[in-house]
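Undergrad: Just dropping this structure here.
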Ligand SMILES: Cc1cc2nc3c(=O)[nH]c(=O)nc-3n(C[C@H](O)[C@H](O)[C@H](O)COP(=O)(O)OP(=O)(O)OC[C@H]3O[C@@H](n4cnc5c(N)ncnc54)[C@H](O)[C@@H]3O)c2cc1C
């Protein structure tokens, strides 16, 4: 029984770590969470613009369709703790939930803090200890994890779960420490890349309209190498000094793999509610209304002010041309621009600005049925530190929860087996 007292250490008090800790403690083993910040769940608090899109109310097939790579690895984790379980967990923990567009699940309060507070409250109820220190490394002897190292201290544990997150938004505490721990334990790391990240334009158009936010646009991305449209959706986006951002753009970014300069073209339909015929009728009617004005001054009913001059420049039509002299061909060309304003993409913004990190601890070196390391005994991984990421919609947190639960329960079972 002496060994049992050492219990489970969880490194990282984020979504995956807290869920792992709770499920390990439920199996009756002592659990200690190491979190480098004064408070747990700093990233969780800013998720979903402070509202936390905690999961997706989806079927199994939908879940796996939203994970672009390595989805098979999650079969066991999802079977053990799917999105219905996540919903049940938070409702039982006193956080009523609601389902919004795209099956996105949020707390009714629209407060991400309610999700973090519930996780921490359940941890406390289960007697989990918290140590607010940054772990520096794993104590490994004879190919087995024996504990954690922090400051000048070393603390012994039977098993350790690494749930330190990825590399994005490092101010939240996720600075990639877990990759170092994994490497020291003999693991390979799949190179990290940003995903769900703003896009950098190969040109100057976006800078000319920076700050402009568009609500109801349709955005598509063409992979020029494959000559194929690889993403198409409707929603909200924003122009910035470097290019494009906003929910629609972040979602699109996850499909731009591999990122190569000159390969992807974003096309923005500024008037998706109007087909070409309807839009042409609308243009004709505006042109009739403003027939004696300069072309530049005839578009105020149709477009946001900030967009008019740059679009007219892009169209090549003389801005001072009187509207009644605009030719049919010119009108047609302008219509095409409204239905498909193109922006060439040259890259992603840095990983620090990404919502999620693609890449991480190589999955073939992890047992998908337990989340245990195949390299070092007594070591488990959960959450974004693994080479897993998903599209937007609550799927990334669901990955953290599913892998966290499985790692927590497997780690606790391993502790029991050691003491039998
Ligand atoms: C702005 C933003 C919005 C997002 N919105 C959503 C959303 O609405 N829905 C969704 O599904 N996903 C969202 N995500 C993604 C989601 O937040 C992450 O996928 C998820 O938090 C990953 O959970 P994790 O526990 O693996 O890592 P994290 O939540 O990053 O937690 C890791 C924890 O480990 C701690 N830590 C790291 N190193 C050490 C160390 N050496 N010692 C001790 N502690 C350490 C960190 O301080 C941190 O608290 C969003 C991400 C961002 C950045």
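Nothing in this text is a laboratory measurement; each read-out follows from the coordinates by a stated rule. Since this is a predicted model, take the numbers as computed values, not measurements. Reconstructed Cβ throughout: ideal geometry from the backbone, glycine too, with neighbour counts over all protein chains shown.
Undergrad: Find how much the distance from residue 329 to residue 286 grows on full extension, using 0.36 nm per residue of separation minus their present alpha carbon separation; answer in nm with one decimal. Could you put the intermediate results ahead of the total?
TA: Working: separation 43, 0.36 × 43 = 15.48 nm, distance 1.65 nm.
This chain segment gains 13.8 nm when fully extended.
Undergrad: Okay, next question. For segment 198-348, what is the convex hull (Cα atoms) projected area averaged across all directions, in square nanometres?
TA: The Cα convex hull of segment 198-348, projected and averaged over all directions, gives 8.4 nm².
Undergrad: Oh, and also: Nearest 10 degrees, 0 to 90: what angle lies between the long axis of helix 328-339 and the longest principal axis of the chain (Cα atoms)?
TA: For 328-339 against the chain, the angle is about 10 degrees.
Undergrad: Rounded to two decimals, what ratio of Rg to Rh does segment 287-374 give with C-alpha atoms and a Kirkwood Rh? Let's see the in-between values first.
TA: On the way: Rg = 24.6 Å, Rh = 17.2 Å.
Rg/Rh for segment 287-374 comes to 1.43.
Undergrad: Still on this structure, I have one more. Can you give the calculated 222 nm mean residue ellipticity of the chain, where each DSSP H run of n ≥ 4 adds -39,500 (n - 2.57) and the sum is split over every residue, rounded to the nearest 500 deg cm²/dmol? Walk me through the numbers before you get to the answer.
TA: Values: 13 runs with 133 residues, N = 420.
Computed ellipticity for the chain at 222 nm equals -9500 deg cm²/dmol.
Undergrad: Using only the alpha-carbon atoms, how far is helix 15-25 inclined from the longest principal axis of the chain? Give it as 0 to 90 degrees, nearest 10.
TA: 30
Undergrad: Sticking with this one: Could you rank the peptides 18-30, 293-305 by their average count of other C-beta atoms within 10 Å per residue, with the highest value first? Don't jump to the answer; show the numbers that get you there.
TA: Numbers: 18-30: 24.4, 293-305: 15.8.
Result, highest mean first: 18-30, 293-305.
Undergrad: Give or take rounding to whole Å, what are the principal axis extents of the alpha carbon atoms in the chain, in descending order?
TA: Principal-axis extents of the Cα atoms in the chain, largest first: 91, 40, 37 Å.
Undergrad: If I take all pairs of Cα atoms in segment 39-173, what percentage of them are more than 22 Å from each other?
TA: Working: 4771 of 9045 pairs.
So the pairs more than 22 Å apart make up 53 percent of the total in segment 39-173.
Undergrad: How far apart, in nm, are the 7 Å Cα→Cβ label points at residue 71 and residue 275?
TA: In this crude spin-label approximation the distance works out to 3.2 nm.
Undergrad: For the Cα atoms of the chain, what angle does the longest principal axis make with the long axis of helix 305-315, in degrees from 0 to 90, nearest 10?
TA: 70
Undergrad: Please report, largest first and rounded to whole Å, the three semi-axes of the ellipsoid equivalent to segment 189-266, where each semi-axis is the square root of five times an eigenvalue of the C-alpha gyration tensor. Working shown, then result.
TA: Working: eigenvalues 80, 41, 35 Å².
After diagonalising the Cα gyration tensor, the semi-axes are 20, 14, 13 Å.
Undergrad: For Cα pairs less than 8 Å apart in space and 6+ apart in sequence, what is the mean separation divided by the residue count of segment 198-348, i.e. the relative contact order in percent? Before the final figure, lay out the partial values.
TA: Numbers: 272 pairs, mean separation 47.5, N = 151.
For segment 198-348, the relative contact order is 31 percent.
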